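Visitor: One structure, as structure tokens, below. Some questions next.
The values are calculated or read from the model by the stated rules, or taken from the named source; none is laboratory data. Quantities reported herein were computed from a predicted structural model and do not represent experimental measurements. Cβ placement follows ideal geometry from the backbone for every residue including glycine, while neighbour counts extend to all protein chains displayed. Heavy atoms of the whole protein, side chains included, go into the accessibility calculation; ligands, DNA and RNA do not. Shrake-Rupley method; radii C 1.70, N 1.55, O 1.52, S 1.80 Å.
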Amino acid sequence: MRVLLDAGHGEDTPGKQSPDGKLREYSWNRQMAARIAEGLKKAGIAVTLLVPETTDIPLSVRAARANEWCRREGKENVILISVHVNAAGCGSWMKARGWSAYTSPGKTKADLLAESLYGAACELLPPGIPIRTDLSDGDRDWEARFAILMKTQCPAVLTENLFMDNREDLAILLSEEGQRRLAEIHVQGILSYLRS
């Protein structure tokens, strides 16, 4: 099995930072993807960072890269996680908090992967952090037509790792302990999915 890690956005993506400028999403996402990759490699899982560049690689290129891995290894042997940080506003402090995951509409293997990630989030998030769910279709993940979910041939999940425009969430995002826990959610969630 090969895990593709997509670190969302790039250094040239407008906005995409905390109101105080302490967190830039492109950088945080890449650091988190590297931590997740390290944990998966220790468990013997093949990992590829889909976007080693720091610039914002177009979604069509990201999807093409993922689909090339699907062609090489078989789409049943590839999964993709796109790592992001959420925001509720446009440059000001907001109240929204929490962790969530997105899959494409309909029932797919990505829903099972997302459920494994939600299970790990329930165990590993610090107390008091909301886990944001959409139970309207019988599972916890949110559904969206994001290109990275719709245009890739393998099961793909996009995670939103807390809110960079919430002061409490931002403190966790910037802390070593918070980053360790968020990386471990991905590692344990992926391993649980692969064992099922």
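Visitor: Of these, R180, R167, R97, which one is basic (K, R) and in contact with a strand residue (DSSP E or B) (Cβ under 7 Å, 6 or more places away or on another chain)? Give the derivation first.
Guide: Working: R180 fails: in contact with a strand residue (DSSP E or B) (Cβ under 7 Å, 6 or more places away or on another chain); R167 fails: in contact with a strand residue (DSSP E or B) (Cβ under 7 Å, 6 or more places away or on another chain).
The conditions single out R97.
Visitor: Pairs, please: C-beta under 6 Å, at least 6 apart or cross-chain, first residue within 16 Å of I81 (Cα to Cα) and in the range 170-185, second open to solvent by 60 Å² or more (accessible area, probe 1.4 Å) and at pLDDT 95 or above?
Guide: Close Cβ pairs (under 6 Å, with a partner that is open to solvent by 60 Å² or more (accessible area, probe 1.4 Å) and at pLDDT 95 or above) amount to A183/R35.
Visitor: Only one of these is over 15 Å from the mean Cα position of the chain (by Cα) and modelled with pLDDT of 95 or more: E168, E160, E143, E184. Name it.
Guide: On the way: E160 fails: over 15 Å from the mean Cα position of the chain (by Cα); E143 fails: over 15 Å from the mean Cα position of the chain (by Cα); E184 fails: over 15 Å from the mean Cα position of the chain (by Cα).
Only one candidate qualifies: E168.
Visitor: Looking only at the range 47-103, count how many residues are under 16 Å from the mean Cα position of the chain (by Cα), over 14 Å from Y26 (Cβ atoms) and β-branched (V, I, T).
Guide: Summing the residues that are under 16 Å from the mean Cα position of the chain (by Cα), over 14 Å from Y26 (Cβ atoms) and β-branched (V, I, T) in the range 47-103 gives 6.
Visitor: Looking at D6, D20, which is the one that is modelled with pLDDT of 95 or more and under 20 Å from E168 (Cβ atoms)?
Guide: D20
Visitor: Something else: Given the options S104, S82, S60, name the one that is hydroxyl-bearing (S, T, Y) and either over 19 Å from F146 (Cα atoms) or touching a strand residue (DSSP E or B) at 6+ places or on another chain (Cβ under 6 Å) (or both).
Guide: Testing whether each residue is hydroxyl-bearing (S, T, Y) and either over 19 Å from F146 (Cα atoms) or touching a strand residue (DSSP E or B) at 6+ places or on another chain (Cβ under 6 Å) (or both) leaves just S82.
Visitor: Further question: So, in the range 80-114, how many residues would count as being of a type in the set (D, E, K, R) and without any contact (Cβ under 8 Å) to a residue 60 or more places away in the chain?
Guide: Qualifying residue count, the range 80-114: 3.
Visitor: Could you tell me how many of the residues in the range 1-39 are open to solvent by 20 Å² or more (accessible area, probe 1.4 Å) and part of a strand (DSSP E or B)?
Guide: Final tally of qualifying residues: 3.
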